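The values are calculated or read from the model by the stated rules, or taken from the named source; none is laboratory data. If you're wondering where the values come from, they're calculated on a predicted model, not measured in any experiment. Note that each Cβ is placed from the backbone with ideal geometry, even for glycine, and that neighbours are counted across all protein chains shown.
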Amino acid sequence: MSNPSISFRLSPYQIARGLWIVRKLEPDYKPASASKLVKLLYLDYLAKMSVGRSDIIPAEIINEVKELISNKPKKEQFQLEDIISRHEADQFEAPPKAKQPQEEESIITTVTDFSPPTDWMSDVKEEE
């Protein structure tokens, strides 16, 4: 069985987290590349998870992995009818939104104008 080429993206933050964990155990570790760091973390994780367990892997698991490796992901094939139906579905208009009542305009004309409305002042004078 040939070695599979596994490709995925990790953010610099995720790779830095891995390096940080390794450096807690080995402060002088200098990774040769990001992929070697990820491989080290993966193999280290496997080693820790297999403590006290058998290293014998069932044949059905090995066969499943072989199938994963040998099966190339199939590209989705579109038929002309699929494209037309998607286009027609996109052309449906959304129902119009209900009109909301317009609110009265504020008396405050600027952000720094925090004075109360003039009719409030007349109520205060009447109470005195």
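A few comments on the model shown:
- Test result for residue 23, farther than 27 Å from residue 70 by Cβ and of a type in the set (Lys, Arg): yes
- Meets criteria (under 17 Å from residue 3 (Cβ atoms), part of a loop (DSSP other than H, G, I, E, B) and out of contact with any Leu (no Cβ under 7 Å at 6 or more places or on another chain)) for residue 62: no
- Check on residue 15, within 28 Å of the chain's Cα centre (by Cα) and either at pLDDT 70 or above or surrounded by fewer than 10 Cβ atoms within 10 Å (Cβ to Cβ) (or both): yes
- Where a residue in the range 4-30 is without any contact (Cβ under 8 Å) to a residue 40 or more places away in the chain and aromatic (Phe, Trp, Tyr) and its partner, wherever it lies, is surrounded by 10 or more Cβ atoms within 10 Å (Cβ to Cβ) and not in a loop (DSSP other than H, G, I, E, B), with Cβ under 7 Å and at least six apart: 29/22; 29/23
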